[in-house]
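*Asks:* Starting off with a structure, shown below.
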Amino acid sequence: MANDDLIHASVAELSGLLDAKKLSPVELTQAYLDRIAALDERLHAFITIDAEGALASAREAESAISNGRRLGPLHGIPMAVKDQMDAKGLPTTAGSSILKDVATTDATVVARLRESGVVLLGKLNLSEFALGGSINHPYGVPRNPWDTDRQPGQSSSGSGIAVAASMCAAAIGEDTSGSIRGPASWCGITGLRPTWGRVSRHGILPMSWSMDQAGPMTRTVEDCATVFAAIAGFDPNDAYTSHKAPPSYQPLESLKGKRIGVIREAIGEGMVDGEVQQRCEEAVAAMREAGAEIVEASIPLFPQGGLLSNGVADADAAYVHRERLAAHAAEYDFATRRRLLAASLMPAHLYQKAQRFRVIMRRQVMAALEGVDVLVTPAQAQPAPLIATDTGLDSKDAVMRQFFGIRAHRGPFNLAAVPAMSIPCGFTDAGLPVGLQLVGRPFDESTLFQVGGAYQTQTDWHTQRPPL
Amino acid sequence: MPDLTPEEVGSMLKSLGLPADPADLPEVAHRVNAVNEALSALDHPDLDTTEPAAVFWLQEEA
């Protein structure tokens, strides 16, 4: 396989070649390092590139594999992680100019990747402190590979770019209120927010303790399942990790017998862009053709998902940042600073109210999941917008328009702590990717993989590459 | 809830030991007023009998 084909291949394809000793981990790692060198000045996916460390890991992997000691499907696979996660020997910046300390230990998710034999290429760009909405990016403005004048999605922007632009085989993002599913949708890749408690938060800079969750960002659903299996599981360093074992990927040949619920409140005028809705409806039609039964479902509180999710997450983040914000206010991006200052003033009774509504949202999500295998919605309400140079928040109404409506599509599910995955389902007329969000019952990532995997056997949206 | 002015927001931030740059205050006030108004307007018949929670998965784990 030529280098140009190699870098675009799935983890499964690369793993097969490594297994058969038809591909060297060193050769593969160098191909990605060359790709990063060629593109990163334009796209700004990476904050730290660890070429030396990656090549050393690749040589170790090559030696082990040549001696018949391949650890599993990720051994020798080059990946990168969002720079919100500690990786021993590398700085953790969280996308901020304030943090520069070199980590002395690995985050659990990074340690698990290393135990699986992953070659770590480096750390990926993100919006400041993983909040989303930052305007100034000290490590370069992350650009969407499909149109470099547009946003790649926040906050796991670098993870979305790096996978879509084939600068790594797979990446890890982190999703508090949509930060994996959003960039996955706008960059045209697959991104899973696991059930909260599946993946350890240890060594990951927090935003909202009860919603932060790391997950895989990949080119295919099958790869997503493979990376998920490597990083999920109990961790004594995170008291809220589950003992449940992650599922193995069991692909389906068709969707016969599967019931898919379309959430009525997620579509229609005022909730979603017309082209995005059309692509999602076409995806649902394709699932029907593949044998699925399509039914209507309802989450009455759905339109409030952005308000409630941001309300809880921002107040939690304000606590996390209280001392740093007081000491280093001028070093924050102005949009991040204003967001945190506003959240610092949330009245206690409204925070309490948001947490009560969170329970009601959870009940409604669980009720909608009764009798269906998965729910579907657009992953993002609109295609990727142009890169912003200001917040545009010059009135109370502007805040409501920007932050509550368009965030509604992902918020209900991080509030409810259920798994949700964005898969590519087409393009707008302007060539921008559209993502379909699949939502499952708690701990039932397996059904998301089955439905998403079956869809990807029927379609080729996930194989499209940006024009770079 | 009545809208807060930028000056009121600045005083509240100072009382918490947080920075209150005049250039930030109009937008911070818009953000505060939007969240307060939107959350205050939400209602549900079960709201007062629903206890708040942040962690759900233990129910499935049991």
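*Asks:* How are the Cα pair distances of the protein assembly as shown distributed, in percent, across 10 Å bins from 0?
*Replies:* 4, 20, 31, 27, 13, 3, 0, 0
*Asks:* Charges only on Cβ, +1 for Lys and Arg, -1 for Asp and Glu: so what's the dipole of the stretch A:1-152 about the Cα centre, in debye to the nearest 20?
*Replies:* On the way: 15 positive and 20 negative charges, 60 e Å.
Magnitude of the dipole: close to 280 debye.
*Asks:* For a quick check: with amide H placed at 1.01 Å from N, whose amide H comes under 5 Å from A:Ala297's, ignoring anything fewer than 5 positions away on the same chain?
*Replies:* A:Val262, A:Ile263, A:Arg264
*Asks:* Taking the Cβ of each residue in A:Val365, A:Val434 as the centre, tally the other Cβ atoms inside 10 Å and list the residues starting with the fewest. List each step's numbers first, then the result.
*Replies:* Details: A:Val365 25, A:Val434 29.
Fewest-to-most Cβ neighbours within 10 Å comes out as A:Val365, A:Val434.
*Asks:* Normalising by the residue count of the stretch A:205-264, find the relative contact order in percent from Cα pairs under 8 Å and 6+ residues apart.
*Replies:* 22 percent
*Asks:* Compute the separation of the alpha-carbon centres of the stretch A:302-317 and the stretch A:261-293 and state it in Å as a whole number.
*Replies:* 25 Å
*Asks:* Let me ask something else about it. Residue by residue through A:390-396, how many Cβ atoms from other chains fall within 10 Å of the Cβ on average?
*Replies:* Numbers: counts 1, 3, 1, 6, 3, 5, 11.
Mean shielding count: 4.
*Asks:* Rounding to the nearest 20 debye, state how big the charge dipole of the protein assembly as shown is about its Cα centre with +1 on each Lys and Arg Cβ and -1 on each Asp and Glu Cβ.
*Replies:* So the dipole magnitude of the protein assembly as shown works out to roughly 720 debye.
*Asks:* Using the number of other C-beta atoms within 10 angstrom as an exposure proxy, rank A:Arg410, A:Arg42 with the fewest first. Please list the in-between numbers first.
*Replies:* Details: A:Arg410 31, A:Arg42 14.
Sorted ascending by nearby Cβ count, the order is A:Arg42, A:Arg410.
*Asks:* Once Lys and Arg get +1 and Asp and Glu get -1 on their Cβ, which of A:Val359, A:Met211, A:Ser200 lies farthest toward the positive end of the dipole of chain A?
*Replies:* My answer, from the dipole projection, is A:Val359.
*Asks:* Still on this structure: If we count other beta carbons within 10 Å of each Cβ, what is the order of A:Asp460, A:Asp397, A:Asp444, fewest first? All intermediate terms of the calculation are to be shown ahead of the outcome.
*Replies:* Working: A:Asp460 9, A:Asp397 12, A:Asp444 19.
Result, fewest neighbours first: A:Asp460, A:Asp397, A:Asp444.
*Asks:* Given an 8 Å cut-off on Cα distances and at least 6 residues of separation, report the relative contact order of the stretch A:297-437 as a percent.
*Replies:* On the way: 155 pairs, mean separation 53.4, N = 141.
RCO, the stretch A:297-437: 38 percent.
*Asks:* Could you tell me the calculated FRET efficiency between A:Thr457 and A:Val295, based on Cβ-Cβ distance and R0 = 25 angstrom, to the nearest 0.05? Spell out each step's value before the answer.
*Replies:* On the way: r = 23 Å, r/R0 = 0.91.
Efficiency, rounded to the nearest 0.05: 0.65.
*Asks:* Assuming R0 = 35 Å, what is the FRET efficiency of A:Ala56 and A:Arg322, from their Cβ-Cβ distance, to the nearest 0.05? Kindly include the intermediate steps, with their values, before the conclusion.
*Replies:* Values: r = 40 Å, r/R0 = 1.14.
Step by step, r from the Cβ atoms, then E = 0.30.
*Asks:* Search the structure for amide H atoms under 5 Å from the amide H of A:Leu436, placed 1.01 Å from N in the peptide plane, and list their residues when 5 or more places away or on another chain.
*Replies:* Here A:Ala379, A:Ile423, A:Cys425 satisfy the definition.
*Asks:* Quick one: grab the alpha carbon gyration tensor of chain B, order the square roots of its eigenvalues as a ≥ b ≥ c, and give me rounded if a/c is under 1.5, else prolate or oblate depending on whether a/b is larger than b/c.
*Replies:* Prolate shape, in that a/c is at least 1.5 and a/b is the bigger ratio.
*Asks:* Classify the stretch A:262-328 from the C-alpha gyration tensor, please: rounded if a/c falls under 1.5, else prolate or oblate depending on whether a/b exceeds b/c. Walk me through the intermediate numbers first.
*Replies:* Working: a/c = 3.12, a/b = 2.95, b/c = 1.06.
Prolate, since a/c reaches 1.5 and a/b exceeds b/c.
*Asks:* What shape does the stretch A:114-155 take by its C-alpha gyration tensor, where a ≥ b ≥ c are the square roots of the eigenvalues and a/c under 1.5 counts as rounded, a/b above b/c as prolate, and the rest as oblate?
*Replies:* Numbers: a/c = 2.64, a/b = 1.74, b/c = 1.52.
In terms of gyration-tensor shape, prolate.
*Asks:* Could you order the peptides A:414-420, A:383-389 from most to least packed, using the average number of other C-beta atoms within 10 Å per residue? Kindly include the intermediate steps, with their values, before the conclusion.
*Replies:* Values: A:414-420: 28.0, A:383-389: 16.4.
Highest-to-lowest ranking by the protection proxy: A:414-420, A:383-389.
*Asks:* Which whole-number percent gives the relative contact order of the stretch A:165-259, counting Cα pairs below 8 Å spaced six or more residues apart?
*Replies:* Numbers: 146 pairs, mean separation 26.7, N = 95.
Here the relative contact order equals 28 percent.
*Asks:* Residues of the stretch A:339-380 with amide nitrogen under 17 Å from the 7 Å Cα-to-Cβ point of B:Thr50?
*Replies:* Output list for this probe position: A:349-370.
We did not get these values from a lab; they are worked out from the coordinates using the rules stated. It should be emphasised that the depicted structure is a prediction, and the values quoted were computed from it without experimental measurement. Quick reminder, even Gly has a Cβ in these numbers, built from the backbone with ideal geometry, and neighbours come from all protein chains shown.
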